[in-house]
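Some notes on the structure that comes next.
The values are calculated or read from the model by the stated rules, or taken from the named source; none is laboratory data. Worth saying up front: this structure is predicted, and the values here are computed from it rather than measured. We place every Cβ from the backbone using ideal geometry, glycine too, and count neighbours over all the protein chains shown. Surface accessibility is based on the protein's heavy atoms, side chains included, excluding ligands, DNA and RNA. Shrake-Rupley method; radii C 1.70, N 1.55, O 1.52, S 1.80 Å.
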Amino acid sequence: MSVLVVVECDKGEVKKSSLEVATYGAQVAAQLGTTATAIAVGEASEASLAKLGEQGIAKVLYDREPRLKDFVNNAYTKLIATAAGQEQAKIIVLANSNIGAAVGSRLSVRLRASLATNVVELPKTDGGRFVVKRGAFSGKAFSDVVLSGERKIIAVKKNSIEAQHDAGKTAEVAAFAAQLADADFADAPQQVVMQEQTGGVLLPEAELVVSGGRGMKGPENWHLIEDLAKALHAGTACSKPVSDVDWRPHHEHVGQTGITISPNLYIACGISGAIQHLAGVNSSKVIVVINKDPEAPFFKAADYGIVGDVFDVLPKLTAAVKALN
Amino acid sequence: MKFLVCISNVPDTTTKISFTPDNKEFNKAGVQFVINPWDEYALTRAIELKEAAGSGTVTVLNVGEADTEPNIRKALAIGADDAIRVNAAPQDAYFVAEQIAAVAKEGAYDVILMGKESIDYNGFQVHGMVGVLLGIPTVAPAMKLDLAGNTATLEREIEGGKEIVQVNTPFVASCQQPMCEPRIPNMRGIMTARTKPLKVVPAVGEPARTQVAEFALPPKKQGVKLIDAENAGELIKLLRNEAKVI
Ligand SMILES: Cc1cc2nc3c(=O)[nH]c(=O)nc-3n(C[C@H](O)[C@H](O)[C@H](O)COP(=O)(O)OP(=O)(O)OC[C@H]3O[C@@H](n4cnc5c(N)ncnc54)[C@H](O)[C@@H]3O)c2cc1C
Ligand SMILES: Cc1cc2nc3c(=O)[nH]c(=O)nc-3n(C[C@H](O)[C@H](O)[C@H](O)COP(=O)(O)OP(=O)(O)OC[C@H]3O[C@@H](n4cnc5c(N)ncnc54)[C@H](O)[C@@H]3O)c2cc1C
């Protein structure tokens, strides 16, 4: 019995969220006195897979089937189910990403497993129960969930576990062939269209985020947000009304009806702090609010605040970051 | 084309979440329930596609107890033709998926639409499970959905971009913005909704595989430290030296 970890790769590198997942899986394995094996999906390089040893992974399985480079729901599901069978894995850990969560729900039916998505902590395994803590009510609460099935699947929320780096440790990379057939690729995408991200930082993966609301007045002022984001190597986000009127793309919309994020730092510029917005960001480790209204509700949820005009404050912050670097 | 739209009954987005004193249950007292905001995209898009085709039916489905009926009626008022309620407290995502799969099979629906995820349990699970249970494709989360004959073209959101996916009916898709502009009921809709059929059916399937042991609220913030706007650069120093996040 081992723990199987699903590792997503892109352009040869293991995604940051998958380093967190690998760490999580290795720690669960240690709790249970077993080892963690990874199955890699996407475009991976041998060297980056071997480096998963740093997160505590013993062995990495990698199927070189070229059609597995892009996400295909059915094929990924079968690949992972086959790996789980070979490794006799009772626990599968994935990222709570659009790939991980989609595959996780399919696998849970195939393998008759208990599934928890949006998991934020290592499991508690005392007293014969297996309990995970997960985010619920769109960031407004947590729930402890008992996974009562013999098999368990856990999708770990991004940025909730710190990736471990045990420099120099390597994992064994083993060839693996799930013998996928053409039929498994029937739901392959016709086309994949990637969008350019500010400074190349993907919002769901970002450790630092600079976000703008209606107080930014219009899309022509977003360079102020982007300049600070670039200086910090941060991702950019926005409030719902901003994406509703197309000042910014929809994938930047955070909140109860957008995405929930938990970066180390969230800087809110000209955002009032409505309850639906806060839900999406209140698990950020540090929150900074810049708003000209001292009564803005966001200040109640903030660690640091500046009562002031964004058009005056943002350039000063960008200059201060550049001066530091 | 027969559309099945699955709607979840969730606390209004302005709800301050609280739990019973033992933290074992969500405190429903005084809470207003709404149709899950993402499910409104599924419902409106189904109605639009039916209207564009000039034929077809839109059935709404909820797994829930009788207290969800006001929101089922609301969905009928928005424009669904009929409704089914599986009479059971939804225990977990798998339980709900089993109910939906059973109804979908029985009614031979062509297009099964859901929201991206419920805003209460945030599972992002039910659509994938239903697809496997029925042996049909699931596209989740979809930002765009068009139909030409039996072939649907969808845009699926991926981190950093999108995929264009084509599938044939029957299929499952979970919907999110900017798929359409969710409709609100009008007076005529509200009047006709009262007489539209709402069928109540019993639950089927196996016991749930997960159980909530306890709920918790996030820790409270310590209070905000204010920095003078004149001296904004000071914030960056604090973020580096005190908060240690940059
Ligand atoms: C069902 C539902 C779901 C929702 N989901 C979401 C969601 O997921 N995410 C979300 O964000 N919202 C959501 N909302 C909307 C939410 O209720 C608020 O309307 C929204 O968050 C407000 O956005 P905002 O803060 O950008 O704008 P506003 O509330 O208009 O706030 C603008 C702020 O900018 C400040 N300001 C103005 N000028 C300046 C300046 N020059 N310098 C500094 N500060 C300035 C103002 O003082 C004000 O506080 C939802 C609403 C509903 C009904
Ligand atoms: C009193 C009460 C107690 C509950 N306790 C629990 C609990 O302890 N644990 C738990 O996991 N869940 C519980 N639920 C159920 C929860 O509300 C969900 O229905 C279910 O868990 C699926 O949620 P999800 O977040 O996984 O769905 P997601 O996978 O996020 O939902 C995706 C889509 O599936 C559809 N869908 C989801 N739920 C329903 C539904 N009920 N009817 C029709 N379509 C639906 C919607 O289109 C939704 O957008 C409880 C519900 C009630 C009313």
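Numbers at a glance
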item	result
At q = 0.10 Å⁻¹, base-10 log of I(q)/I(0) for segment B:1-109 (Debye sum, equal scatterers on each alpha carbon)	-0.32
Rounded if a/c under 1.5, otherwise prolate or oblate - chain A, Cα gyration tensor axes	prolate
Chain-alone versus full-assembly comparison, segment A:295-321, residues with accessible loss of at least 40 Å² (1.4 Å probe)	A:Asp303, A:Tyr304, A:Gly305, A:Ile306, A:Lys316, A:Leu317
Pairwise burial B:A, computed as accessible area of each alone minus the pair, summed, 1.4 Å, Å²	6600 Å²
Model label zone, B:Glu69; criterion: amide N under 20 Å from point 7 Å along Cα-to-beta-carbon; scope segment B:77-101	B:77-90
Ellipticity estimate at 222 nm from DSSP helix runs (n ≥ 4, -39,500 (n - 2.57)) divided over chain B, nearest 500	-8500 deg cm²/dmol
Dipole-positive endmost among A:Cys9, A:Gly25, A:Leu52 within segment A:1-61 (Cβ charges, Cα centre)	A:Gly25
17 Å reach of a label modelled at A:Ser148, 7 Å along Cα-to-Cβ, counting backbone N of segment A:115-138	A:115-116, A:127-132
FRET E, pair A:Asp10, B:Gln211, Förster distance 30 Å, beta-carbon r, rounded to 0.05	0.25
For segment A:248-260, 3J(HN,Hα) per residue [Karplus equation, 6.51 cos²θ - 1.76 cosθ + 1.60, θ = phi - 60°, Hz, x = Gly/Pro]	9, x, 4, 5, 8, 6, 10, x, 4, 10, x, 9, 9
FRET E, pair B:Leu226, A:Glu162, Förster distance 25 Å, beta-carbon r, rounded to 0.05	0.25
Charge dipole (debye, nearest 20) of the protein assembly as shown; +1 at Cβ of Lys and Arg, -1 at Cβ of Asp and Glu	780 debye
Interchain or long-range residues, amide H under 5 Å from B:Val34's placed H	B:Val10, B:Asp12
Selection from A:Val132, A:Leu111, A:Gly149 lying farthest towards where the dipole of segment A:107-154 points positive, charges on Cβ	A:Leu111
Residues with amide H under 5 Å from that of A:Val5, placed H, sequence gap 5 or more	A:Thr37, A:Ala38, A:Ile39, A:Val93
Vicinal HN-Hα couplings computed from phi for segment A:139-155 (Karplus, 6.51 cos²θ - 1.76 cosθ + 1.60; Hz; Gly/Pro x)	x, 8, 7, 10, 9, 8, 10, 8, 9, 8, x, 5, 9, 9, 10, 10, 9
Fraction of beta bridges assigned by DSSP in the protein assembly as shown that are antiparallel (%, nearest 5)	35 percent
Helix A:73-86 vs. chain A, principal-axis angle (Cα, 0 to 90°, nearest 10)	50 degrees
Within 10 Å of each Cβ in A:245-255, the average number of Cβ atoms from other chains	2
For the protein assembly as shown, convex hull volume per residue from C-alpha positions, Å³	153 Å³
Chain lengthening between B:Met187 and B:Lys16 when straightened (0.36 nm per residue, less Cα-Cα)	58.5 nm
Apportionment of accessible area to carbon and sulfur, the protein assembly as shown, percent (1.4 Å)	50 percent
Length released on extending from B:Glu242 to B:Thr57, taking residue separation times 0.36 nm less the Cα-Cα span	60.6 nm
Only Lys, Arg (+1) and Asp, Glu (-1) charged, at Cβ; segment A:2-185 dipole about Cα centre in debye	600 debye
Accessible surface, per residue, of chain B when the full set of protein chains is kept, probe 1.4 Å, Å²	44 Å²
1.4 Å probe accessible area per residue over chain A, in Å²	37 Å²
Long-range HN-HN contacts of A:Gly212 with modeled amide H, under 5 Å	A:Ala237, A:Cys238, A:Ser239, A:Cys269
Shielded by partner chains, segment A:94-135 residues - at least 50 Å² of accessible area, 1.4 Å probe, vs chain alone	A:Asn98, A:Ser105, A:Arg106, A:Val109, A:Arg112
In Hz, Karplus ³J(HN,Hα) per residue of segment B:180-191 (6.51, -1.76, 1.60; θ = phi - 60°; x = Gly, Pro)	6, 9, x, 8, 10, x, 9, 4, 5, x, 5, 5
Two-site label geometry, A:Ala181 and A:Lys169: point separation in nm, points 7 Å out along Cα→Cβ	4.1 nm
Chain B, dipole about Cα centre (Lys/Arg Cβ +1, Asp/Glu Cβ -1), debye to the nearest 20	260 debye
Highest average packing first - B:101-107, A:253-259, A:239-245, B:225-231, Cβ atoms within 10 Å	A:253-259, A:239-245, B:101-107, B:225-231
For segment A:201-325: rounded, prolate or oblate by the Cα gyration tensor [a/c cutoff 1.5]	rounded
Where A:Thr170, B:Thr59, B:Thr153 fall by accessible area, highest first, once all protein chains stay in place (1.4 Å)	A:Thr170, B:Thr153, B:Thr59
Global form of chain B, assessed from the alpha-carbon gyration tensor, a/c cut-off 1.5	prolate
Among B:Gln91, B:Val111, B:Met187 the positive-end extreme of the charge dipole of chain B (Cβ point charges)	B:Met187
